[in-house]
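Have a look at the structure below before the remarks.
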Amino acid sequence: MNKTIVLFDMDGTLTEPRQAFDFRILEPSLRKLAEYADIGIITGSDEDYLREQMESFLYDSNCRYQTHLMPCNGTKYLKPPTESSGDFVLAHEVSMEGFLGTKDYRELICELIYSQIDMCHMGAPMTGHFINCRGSMINWSPIGRNANSLQREEFIKMDKEKGIRSRCLEELRAMLKMKNLLNKVVIKLGGDTSFDIYPIGWDKTYGLRHFDGWNVWFVGDRCRPNGNDYELYSHCNLNNQGFITTNPVETASIIEQIIEKLKNRSYNDS
């Protein structure tokens with residue numbers, strides 16, 4: 001029988017956006033799920049954010065020995081620890097600059113800087129740390145990743161009222177097309193306040209490469225075409241194994257559904 005893994009997005013799925021994992025809400029459900037499947041956390045965030053937000057789960061839950069970490073859409077992969085004193089081990093990593101070449105990579109960064117200058121005139125909060133180069137992808141946050149909760153809420157409200165990110169997404173795609181870069185990279189909405197930019201094919205389906213032959217399920221919240229969960233959700237949903245959530249509480253309910261399906265499948269296989 002093929003091994004089974006359930007992959008989870010992080011922000012909006014296992015945690016509230018940019019917030020710490022709530023052990024009380026989800027750990028009991030994930031511990032129960034671990035009786036039937038391995039667990040994977042696949043996120044556009046880099047390893048530092050993943051460890052920061054999921055710290056209590058990664059170090060205080062027995063599920064850690066069955067949990068696979070996939071920052072940057074799975075272009076980085078850390079295997080589970082094998083002993084209580086062990087840590088997650090980096091087993092795979094790729095370079096966006098190496099893939100695109102230094103010239104195109106620098107051109108892309110320049111276009112993001114020009115777009116950030118335009119964003120400064122729109123009245124959104126400006127906090128710093130706007131462009132985050134993560135090795136295998138780039139995250140651009142027009143308000144800055146240093147934004148606090150109130151500043152994030154202010155921008156999210158502006159974005160809903162004025163469609164700031166949707167307009168910016170189209171303008172940025174047009175600029176990259178002029179620079180002959182749109183045939184090399186993808187731009188997606190990342191979370192509530194940012195954009196993820198990465199080479200074509202380096203969306204979250206990249207993470208499937210680490211689990212060839214496995215039975216894969218997925219739960220995420222950004223599953224519409226411009227969201228960074230769309231491709232992986234669509235792939236898993238071909239077998240009715242993709243699920244859309246809106247928050248960790250709903251995710252807990254979805255986990256219970258998956259457990260029942262895995263129970264039934266195990267019973268039928270036997």
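Structure data summary
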item	result
Size of electric dipole in the chain: Cβ of Lys, Arg +1 and of Asp, Glu -1, about Cα centre, debye, nearest 20	560
Among ILE41, PRO248, CYS72 the positive-end extreme of the charge dipole of the chain (Cβ point charges)	CYS72
DSSP beta bridges in the chain [antiparallel fraction, %, rounded to 5]	50
Under 5 Å, built H, 5+ apart or other chain: amide partners of THR4	ASP38, ASN215
Residue with peak Gaussian network fluctuation, the chain [Cα springs, cutoff 10 Å], from MET178, MET96, MET126	MET178
Sorted by Cβ neighbour density within 10 Å, fewest at the top, the residues THR127, THR43	THR127, THR43
Additional length obtainable on full extension of the chain from ASN2 to PHE23, 0.36 nm per residue less Cα span	4.6 nm
Prolate/oblate/rounded call for segment 138-270, Cα gyration tensor, a/c under 1.5 rounded	oblate
Karplus-derived HN-Hα couplings along segment 103-118 (A = 6.51, B = -1.76, C = 1.60, θ = phi - 60°), whole Hz, x at Gly and Pro	4, 5, 5, 5, 4, 5, 4, 4, 5, 5, 5, 4, 5, 5, 4, 4
Dipole magnitude of segment 97-199 about its Cα centre (Cβ charges: Lys, Arg +1; Asp, Glu -1), debye to nearest 20	180
Computed over segment 1-131, Kirkwood Rh from alpha-carbon pairs, angstrom	16.9
Max mean-square fluctuation residue, GNM over the chain, Cα-Cα springs under 10 Å, options LEU238, LEU176, LEU90	LEU238
Segment 49-125, relative contact order [Cα under 8 Å, separation at least 6], %	15
Considering only segment 122-270, percent of DSSP beta bridges that pair antiparallel, nearest 5	75
Excluding exposed DSSP-loop GluC sites (Glu not before Pro) (at most 16 other C-beta within 10 Å), longest clean stretch of the chain	84-270
Cα gyration tensor shape for segment 185-233, rounded if a/c is under 1.5, else prolate or oblate	oblate
The chain: most fluctuating residue of THR13, THR82, THR245 per GNM, C-alpha cutoff 10 Å	THR82
Calculated P(r) of segment 97-199 - Cα pairs past 18 Å, %	43
Cα pair count fraction exceeding 35 Å, expressed as % - the chain	16
Rounded to whole Hz, the Karplus (6.51, -1.76, 1.60) HN-Hα couplings of segment 15-30, x for glycine and proline	9, 5, x, 6, 10, 6, 4, 8, 4, 5, 6, 10, 4, x, 5, 5
Links that overshoot a 22 Å alpha carbon limit, given the list LYS79/LYS263; LYS76/LYS261; LYS157/LYS184; LYS76/LYS179; LYS32/LYS263	LYS79/LYS263; LYS76/LYS261; LYS157/LYS184; LYS76/LYS179
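A short reminder: the numbers here are calculations on the coordinates, not readings from a lab. Source: prediction; values computed, not measured. Cβ: placed from backbone, ideal geometry, glycine included. Neighbour counts: every protein chain shown.
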